[in-house]
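Report on the structure given below.
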There are 2 protein chains.
Amino acid sequence: MYEGAVQDLIDELGRLPGVGPKSAQRIAFYVLASETEDVTRLAHALTEVKARVRFCEVCGNVAEAERCRICVDPRRDETVLCVVEEPKDVVVIERTREFRGCYHVLGGAINPIDGVGPEDLRIRELMTRLGDGQIEEVIIATDPNIEGEATATYLQRMLRGMGIAVSRLASGLPVGGDLEYADEVTLGRAFEGRRRVSD
Amino acid sequence: MYEGAVQDLIDELGRLPGVGPKSAQRIAFYVLASETEDVTRLAHALTEVKARVRFCEVCGNVAEAERCRICVDPRRDETVLCVVEEPKDVVVIERTREFRGCYHVLGGAINPIDGVGPEDLRIRELMTRLGDGQIEEVIIATDPNIEGEATATYLQRMLRGMGIAVSRLASGLPVGGDLEYADEVTLGRAFEGRRRVSD
């Protein structure tokens, strides 16, 4: 045990995800050796995030106003909606510059083990958005894992018969990877989704 | 890129040791989902450490006053000094409850690659402490790695001929380990330092 303030900081840091006791200690001593100015900036960034950031009332993405910057951007195509699990997925998709539509963030995926059911996700809000008839296509972009697949299947069922085109991201080989290192499921999906390139 | 405050926090967290971009993002979203009260406590712990913690003017350990709680404790044996690299080593040794003397924290180890020489460590302060004739034994407890060994060798040379008993921590097999998994150097040291248990 350290004296008061050092131990307090180690305890607080240890509560963060992915920060074990050793890392907490290492960070605490790093903080101790840092300039007061830098530490103040980190402390300020922490409190600012809680004070300024909220969730977009339309799509559920992180925002610093009632609506996020994507929802208020007039250049975005409001007829296409990409459904993702978390705000970080929006950032990943935005980085590709492939998608110019709008988003809907579910706030997680169906996970019975952790007790997350469809009613815990922003699915009701999605159905309300789809209700006004403006949206023509929904792209389901949940994670390619068990929870993400379960959520996608659930959404597909919900969206059936609404007159809205529903698509899912392609499964296949990651670009830049070796065939040799692909797992069988991915390789199987790549065969299944093969594209004809000539007659 | 996220909107303002979230990205600011990710940037600040990413500067901490052992926190990569993915962890920074994960912690930022954890913070966003935490109670304001908890986040305030973490921010406060950060600034408090810089405001309240300093280094003991006697031994170099972390302290919240001019001297650390070990240096002001009258029950500690002031004739035995244990020399360590970092304040965290003090905590580790204190946990054993084997040592009742005082400490001297060097603030690192000799490391030519990182440009750390003897003059960057608190060796001059150590020599001054030893100068008053009160200390009878010095236990060198630097890390059992290249830098720690180099520092120990340097200290042994400095302390020669001062009429002070100098010792080093025993090298050998870790308690609870398997002989099979011991590396050759450790096993070699264990043979070298073998203790006779009967005639």
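The values are calculated or read from the model by the stated rules, or taken from the named source; none is laboratory data. Here the structure is a predicted model, which is why all the values come from computation and not from measurement. Counting neighbours? That spans all protein chains shown, and the Cβs are built from the backbone with ideal geometry, glycine included. Surface areas here come from the heavy atoms of the whole protein model, side chains and all, with no ligands, DNA or RNA. Shrake-Rupley method; radii C 1.70, N 1.55, O 1.52, S 1.80 Å.
Out of all the residues in the range B:128-153, which are in a helix (DSSP H, G or I) and closer than 22 Å to B:Arg69 by Cα?
Within the range B:128-153, B:Thr128, B:Arg129, B:Leu130 meet the criteria.
Could you list all residues from the range A:1-37 that are surrounded by 16 or more Cβ atoms within 10 Å (Cβ to Cβ), hydrophobic (A, V, I, L, M, F, W, C) and at the interface with another protein chain (Cβ under 8 Å from one of its Cβ atoms)?
A:Ala5, A:Val6, A:Leu9, A:Leu13, A:Leu16, A:Val19, A:Ile27, A:Ala28, A:Phe29, A:Val31, A:Leu32
Just to be sure I understand, how many residues within the range B:80-99 are more than 18 Å from B:Val53 (Cα to Cα) and surrounded by 13 or more Cβ atoms within 10 Å (Cβ to Cβ)?
Selection size over the range B:80-99: 9.
Tell me whether the range A:96-117 contains one or more residues that are at negative phi and either touching a residue at least 60 places away in the same chain (Cβ under 8 Å) or facing another protein chain (nearest Cβ under 9 Å) (or both).
Checking the range A:96-117: not a single residue is at negative phi and either touching a residue at least 60 places away in the same chain (Cβ under 8 Å) or facing another protein chain (nearest Cβ under 9 Å) (or both).
Looking for something open to solvent by less than 40 Å² (accessible area, probe 1.4 Å) and more than 26 Å from B:Glu137 (Cα to Cα) - is there at least one such residue anywhere in the range B:152-161?
no
For the range A:38-49: of the residues being surrounded by fewer than 21 Cβ atoms within 10 Å (Cβ to Cβ) and under 15 Å from B:Leu32 (Cα atoms), which is farthest from the other protein chains (Cβ to nearest Cβ)?
Residue satisfying both the conditions and the ranking: A:His44.
What's the total number of residues in the range A:91-121 that are among the hydrophobic types (A, V, I, L, M, F, W, C), in a strand (DSSP E or B) and either over 18 Å from A:Ala63 (Cβ atoms) or outside the structural domain of A:Leu81 (by TED's automatic domain parsing) (or both)?
1
Yes or no: the range B:31-47 includes at least one residue that is in contact with a Phe, Trp or Tyr (Cβ under 8 Å, 6 or more places away or on another chain), touching a residue at least 12 places away in the same chain (Cβ under 8 Å) and at negative phi.
No.
Name the residue that is modelled with the lowest pLDDT, counting only residues in the range A:177-199 that are open to solvent by less than 80 Å² (accessible area, probe 1.4 Å) and in a loop (DSSP other than H, G, I, E, B).
Going through the qualifying residues, I end up with A:Gly177.
Filter the range A:50-72 down to the residues that are more than 9 Å from chain B (Cβ to nearest Cβ), of a type in the set (A, V, I, L, M) and open to solvent by 50 Å² or more (accessible area, probe 1.4 Å) and list them by number.
A:Val72
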